[in-house]
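Working notes, structure below.
Nothing in this text is a laboratory measurement; each read-out follows from the coordinates by a stated rule. This one's a predicted model, so the numbers in the text were calculated from it and none came from an experiment. Ideal geometry is used to build each Cβ from the backbone, glycine not excepted, and the neighbour counts take in all protein chains shown.
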Amino acid sequence: MEESIVSQIMALKEMPVADLQKKHEEVFEGKKATSTNKTYLWKRIAYRIQEMQSGGLSEESRARIEELIKEHDPINNKVLRPDIGPENSSNNKLKSRDSRLPIPGTIITKQYKGTTLQVKVLEKGFEYNGRLFKSLTGLTKEITGLHWSGYNFFGL
C-alpha cells in the first residue's frame, strides 16, 4: 500500500464524526452515511479508499463469494428457506418452517437454572434428551413446568 493511502487512512482516524460523514459522501459519490459510529465510518471509508486505488474485487472473486453464500450461508440460503411468492401466498401449507427457526441440524443451547440445555432442531420438530417434541413451546413446558413461548425462552 502506498504511503499516501496509509497517511489518508490514519488522518481519517483523527476526524470527528461529522467530518467522517462528509468524507463518506465524497468517497461514496453522494451517498449519505447511515451510521454515526466513528469506528464503522473510519473502516468503511478506509476500505473504499483502498478499493478506489486498487480497483476492488474482480468479477471472478465476486462470483465465487456469491457461490459460497448460496452453498454455506444458512441465514440467507434460498435453497433451505425458499421464499413464498405471491402466487403461493394463499397456500400457507407450502411454508412448512417458521423463519425464526435455525436450519435443521442446528443445536440450540441455553443455560437454565445451572443446567445447560441442548435442543436439536429437526425438519419437523425438536429433539431433547432423546425425546421428540412437535413444538418449542411444548418442549419449554416440559423443561420449566410452565407455559412459556418457546421462541422467547430460547431467544429466537
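Taking θ as phi - 60°, what are the ³J(HN,Hα) couplings along segment 47-56 by the Karplus curve (6.51, -1.76, 1.60), each to the nearest whole Hz, with x for Gly and Pro?
In residue order, the calculated couplings are 4, 5, 4, 5, 5, 5, 6, 9, x, x Hz.
State to the nearest 20 debye the size of the charge dipole of segment 3-54 about its Cα centre, where the only charges are +1 on K and R beta carbons and -1 on D and E beta carbons.
Its charge dipole is roughly 240 debye.
Amide H of Leu117: which non-local residues (sequence gap of 5 or more, or other chain) have their own amide H closer than 5 Å, using H built in the peptide plane?
HN-HN under 5 Å from Leu117: Lys110, Gln111, Tyr112.
Of the listed pairs Lys22/Lys70; Lys110/Lys141; Lys120/Lys141, which have alpha-carbon separations greater than 25 Å here?
Lys22/Lys70
What list do you get for Arg64, Arg44, Arg131 if you sort them by fewest beta carbons within 10 Å?
Arg131, Arg64, Arg44
Using modelled amide H (1.01 Å from N, peptide plane; none on Pro or chain starts), what sits under 5 Å from the amide H of Leu122, excluding residues fewer than 5 places away?
Under 5 Å from the amide H of Leu122: Gly105, Glu127.
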